[in-house]
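Just below is one structure, and these are the notes that go with it.
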């Protein structure tokens, strides 16, 4: 790989390296929010290192017409779903309002499915007055993360930190303008997609995602269990 493109063995190792960068910052009362699905294994390692709860912030990318990997925008779940549009991409893609509404409805249906499957009626961690640490496996255009930032602000987060192993260099300024803190291990001038920075970049299944979330819940439960009776 060239100097502009270091590679992580997998998302878990990227999370451990990201956690090492975050630990010295002593973030106050953090709660870690992963962007599923790819952000979950990264966020699990961050949450473990920070001793913080792990939860999800449900965001769906809206891909451009004919180029679904290119983020035209994103929508984030919540009482008032937030839609963020990359106007430059929209202008060049030719997406009109009718197309955008259909895309929004389609992605909202997937958000509804994921909420029911991943949360199962469980109440999410409340970020009010806390440091919300938004974690993903990488940042390409920044649309999904910006939608997540808006949602965290609406829910009263005391401080918002965005943490990613890699990002497109030209996408960072807008995210930095909206978050209180951005931690990025590598800002890439040449960016051909997040997957180019990982050796293992398989698409996580729903079952893998749920298993990772359950791991962190077991960690937290075992930590607060009272000791057994003395023998």
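The values are calculated or read from the model by the stated rules, or taken from the named source; none is laboratory data. Note that the coordinates shown come from a computational prediction; the quantities given were computed from them, not determined experimentally. Here the Cβ positions follow ideal geometry from the backbone for every residue, glycine too, while neighbour counts run over all protein chains shown.
Here is how the numbers come out for the structure above:
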| item | result |
| --- | --- |
| Any hit, the range 70-81, residues being more than 21 Å from residue 154 (Cβ to Cβ), out of contact with any strand residue (DSSP E or B) (no Cβ under 9 Å at 6 or more places or on another chain) and at pLDDT below 95 | no |
| Test: residue in the range 18-29 that is buried (at least 18 other Cβ atoms within 10 Å of the Cβ), over 23 Å from residue 191 (Cβ atoms) and modelled with pLDDT of 90 or more | yes |
| Residue that is nearest to residue 16 (Cα to Cα), among those in the range 161-174 that are buried (at least 21 other Cβ atoms within 10 Å of the Cβ) and more than 12 Å from the chain's Cα centre (by Cα) | 166 |
| Any hit, the range 58-68, residues being in contact with a strand residue (DSSP E or B) (Cβ under 9 Å, 6 or more places away or on another chain), under 15 Å from residue 214 (Cα atoms) and surrounded by 18 or more Cβ atoms within 10 Å (Cβ to Cβ) | no |
| Elements of type helices (runs of 4 or more DSSP H) in the range 113-231, at least 3 residues being at pLDDT below 90 and out of contact with any strand residue (DSSP E or B) (no Cβ under 6 Å at 6 or more places or on another chain) | 206-224 |
| Among residues of the range 79-92, those that are crowded, with 18+ Cβ neighbours inside 10 Å and outside any strand (DSSP E or B), counted | 3 |
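Residues are listed down the side, and each one gets a yes or a no for (1) without any contact (Cβ under 8 Å) to a residue 60 or more places away in the chain; (2) within 22 Å of residue 139 (Cα to Cα):
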{"residue": "73", "(1), (2)": "no, yes"}
{"residue": "81", "(1), (2)": "yes, yes"}
{"residue": "84", "(1), (2)": "no, yes"}
{"residue": "89", "(1), (2)": "yes, yes"}
{"residue": "94", "(1), (2)": "yes, no"}
{"residue": "97", "(1), (2)": "yes, no"}
{"residue": "102", "(1), (2)": "yes, no"}
{"residue": "105", "(1), (2)": "yes, no"}
{"residue": "111", "(1), (2)": "yes, yes"}
